[in-house]
Amino acid sequence: MISAKDITVQFGERFLFREVSFTVGPHDRIGLVGPNDAGKSTLLKILTGISQPDGGSINKARYVTVGYLPQEGIVSSGRTLYREAETAFEDILQVREEIEEAREQLETLDPASAEHADVLEVFGELQHKLEDLDAFRMKSKIEQVLIGLGFSAEDFDRQTDEFSGGWQMRIEMAKLLLKEPSVLLLDEPTNHLDIESLQWLEERLKGYNGAVLLVSHDRAFLDNITKKTWALGLGKMEEYSGNYTFFEKEKEIRREQQLNAYKNQQQQIKQTEQFIERFRYKATKARQVQSRIKQLEKIEQIEIEEEGEEIHFHFPQARQSGSIVAEVKGVNKSYGSKLVFSGLNYTIERGDRIAVVGVNGAGKSTFVRMLAGVEPIDSGEIVMGYNVIPSYFAQHQAEELDLSSDVLGVVDSVATGGIRTRLRSLLGAFLFHGDNVFKKVAVLSGGEKSRLALAKMLLQPANLLIMDEPTNHLDMRSKKVLQDALKEYEGTFVIVSHDRSFLDPIVRKVAEFSRGGVRTFTGNVSDYLYRKKAETESMSTDAGVQDGATRSNGERSTDLSTKERRRIEAEKRNELSKRLRPLKEKLKKVEAEISEMESRRKEIEAMMADPEFYRNGEEAKSASIEYKELESKLEDEYFRWGELTDKIERITEESSAGNGGKLE
């Protein structure tokens, strides 16, 4: 669908891309990876036409459309959330506008005139066009995507101006998913998503009817979606026929081969140079010397991408805390009329390694802010245990850095012990390389300030770490440094994050916050997601998963008599029938209403097709209003019909799966 040939981008003597060529196929799922400043975002901008390369060309078929989600800078305003999402269906909105114009014309034209007949014909064609565009499903599509991305039904009528930056990015993502462009370009789409929205987006992208090219530092997200990996570096692009994990393994193999080729080439060059030097002044060897010199000039030297210094960071030692680190007792918290917590109780013990998860708005960040003492509570109490030394990180702390200091000075002011001799290496792990360590804080970007604030926090002795989305601005290498340090950390930590691959190796508990309070699951985030899925899918108590519990045996007992098995199967059929009966009754009622309204719509259309109809202005106007109302009501009923049929199908499939894949 899109092909790039010899794309070149140069900054001074440095080539970001040097004659890079590639092709994006109709259903490709591509992960774009590489170190910071390798040109990932630049490449996406070139594909969208926002930026132009210095050389080369981008070719795409005429029918191909491209949708682009940048990392930041998207702001919507002037509409409600629903109306903003609706703009994704420009073609449908345009046809509806044309239908309205045609309807108004029909009310004013002489029914006996030729012009009236022409407009009437156009009106009918527009109606058919609207049906072809699947307009009746527009509302259900909008609601499905907005809910999937974490918006509530109450948000639909809110002005988009009221939403923060992270939610603005979700609005833009919703519009892109609804537009369904041929090629979807996503630059760090997971940064502002909670874990449930992230899972929903994964499933949506897996089934997306087009190509997806994405930049992400979320390993699990890349592994679950991509089937190809493009790695940028040294001005080149290398293609790998697998996801990120495949890329990592294959990259090591290729690097080993490249190192061997580099060593062989260097040996050949050395031998050639020695020959030239030895026989440079011998007349009998002059021709051979000149030949070797030309040979050297033609050699395309193999470049080896430098691997960053391996950083092993250890948290400064802090004294041990008491066995109870913190107790949250009967805490109530509201923001105006919005109740966040009512009688919240929670205990954190020494050695706990807790991931805090939940949908946006459930109180995750509020909880950790209260725990850190930076957010007041309305009532109740939070009691810190004996000898507890807390340390807190959140994105907003970046704004509290000393703007007059430089990067190195910020970390040097808090570092103690042997780590002071390795501060530049540590800063390199957090993407501050070379002379960047002398940059003033005042000129740093938001992401750079966040990374610096995190590095500063990690250098201060603490036995309770409280972190709110610490990985948002980190690349794979930086996350690995932080992850390894947390593995060896001897204290207690509580982390709000949606990055499963980062959390899984380091956490032992998952605290799920919801509007109903908090539940604790033992295990890591993958264990939690498995249990949540089991809870959702289970239809009987024996299939339920208790909090913190695991199955001792993954297989069902087969020691049942035929009579007992038939009794259980009959109970399941009865249970299924009970669940489906009210849904089927509602569906039957909706279908009857749709049938009645469709019949009335056809009656009015037949009336409109008769030129005599428009002679009575009042009657025509009344029928026109009724027709418009019918269209709106039908759209709602189609949506209800779709919801009910989906629910019936889902319940039937779940029952079938729970009965060995067969309904008897």
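Rule-based calculations on the coordinates, nothing more; no lab input. Computed from a predicted model, the values in this text were never measured in an experiment. Glycine also receives a Cβ, built like all others from the backbone with ideal geometry; neighbour counts cover every protein chain displayed.
Protection proxy ranking of 274-287, 23-36, by the mean of other Cβ atoms within 10 Å over each peptide's residues and highest first, is 23-36, 274-287. Hey, how many Å between the Cα centroid of region 122-146 and the Cα centroid of region 370-447? For region 122-146 versus region 370-447, the Cα centre distance is 52 Å. Ordering His128, Tyr244, Ile142 by Cα displacement along the dipole of the chain toward the positive end leaves Tyr244 in first place; charges were set at the Cβ atoms of Lys, Arg (+1) and Asp, Glu (-1). Model label sites at Leu93 and Arg280, defined 7 Å from Cα along the beta-carbon direction, differ in position by 7.3 nm.
Note on the chain: dipole from Cβ charges, positive end direction compared against Ile253, Asn209, Ala4; the farthest Cα belongs to Ile253. Along the axis of the charge dipole computed for region 324-535 (Cβ charges of +1 for Lys and Arg, -1 for Asp and Glu, origin at the Cα centre), the listed residues Ile377, Phe367, His396 are led at the positive end by Phe367. For the pair Phe438 and Gln258, label points projected 7 Å from Cα toward Cβ lie 3.1 nm apart. Full extension of the chain segment joining Glu238 with Glu121 gains 36.5 nm, where the gain is 0.36 nm per residue of separation less the Cα-Cα distance. Ordered by the number of other Cβ atoms lying within 10 Å of each residue's own Cβ, fewest first, Tyr386, Tyr638 fall into the sequence Tyr386, Tyr638. Its relative contact order, with pairs defined as Cα atoms under 8 Å and 6+ residues apart, puts the chain at 13 percent. Amide H contacts under 5 Å for Ala326: Ile348, Gly385, restricted to partners 5 or more places along the chain or on a different chain, H placed in the peptide plane at 1.01 Å from N.
Under a Cβ-only charge scheme (Lys and Arg +1, Asp and Glu -1), can you give me the dipole magnitude of region 581-658 about the Cα centre, in debye to the nearest 20? Taking the Cα centre of region 581-658 as origin, the dipole is about 280 debye. Shown for region 249-298 is the translational diffusion coefficient from the Stokes-Einstein equation, using the Kirkwood radius over Cα pairs, a temperature of 4 °C and a viscosity of 1.567 mPa s: 104 µm²/s. Using a cut-off of under 16 Å, list every residue of region 353-380 whose amide N is near the label point 7 Å from the Cα of Glu535 along the Cα-to-beta-carbon line. Answer for region 353-380: 355-360, 362-364.
Here the dipole of the chain is about 3860 debye; that uses its Cα centre as origin and unit charges on the Cβ of Lys and Arg (positive) and Asp and Glu (negative).
Residue pairs exceeding 21 angstrom between C-alpha atoms, taken from Lys588/Lys633; Lys364/Lys449; Lys139/Lys647: Lys364/Lys449.
You can think of it this way: the chain between Ser337 and Lys586 has 86.1 nm of extra reach, that is 0.36 nm per residue less the Cα-Cα gap. Taking all Cα-Cα distances within region 581-658, those exceeding 17 Å account for 56%. Of the trypsin sites (Lys or Arg not before Pro) found in region 289-378, those in coil by DSSP whose Cβ has at most 10 other Cβ atoms within 10 Å are Arg319.
Listing Ile2, Ile604 from fewest to most neighbouring C-beta atoms within 10 Å gives Ile604, Ile2. Translational diffusion of region 79-162 was estimated from the Stokes-Einstein equation, with Rh taken as the Kirkwood radius over Cα pairs; at 4 °C and 1.567 mPa s the coefficient is 88 µm²/s. At full extension, Thr652 and Val75 could sit 203.5 nm farther apart than now, given 0.36 nm per residue minus the alpha carbon distance.
Per residue of the chain, the DSSP helices (runs of n ≥ 4 H) give a summed -39500 (n - 2.57) that works out to -15000 deg cm²/dmol at 222 nm. Charge dipole (Cα centre; +1 on Lys/Arg Cβ, -1 on Asp/Glu Cβ; no other charges) of region 29-73 amounts to roughly 280 debye. Among the listed values [x] 31.1; [y] 44.4; [z] 28.8, the one computed from these coordinates for mean projected area of the Cα convex hull in nm² is [y]. Each label point was placed 7 Å from the Cα along the Cα-to-Cβ direction; for Arg420 and Glu381 their separation is 4.1 nm.
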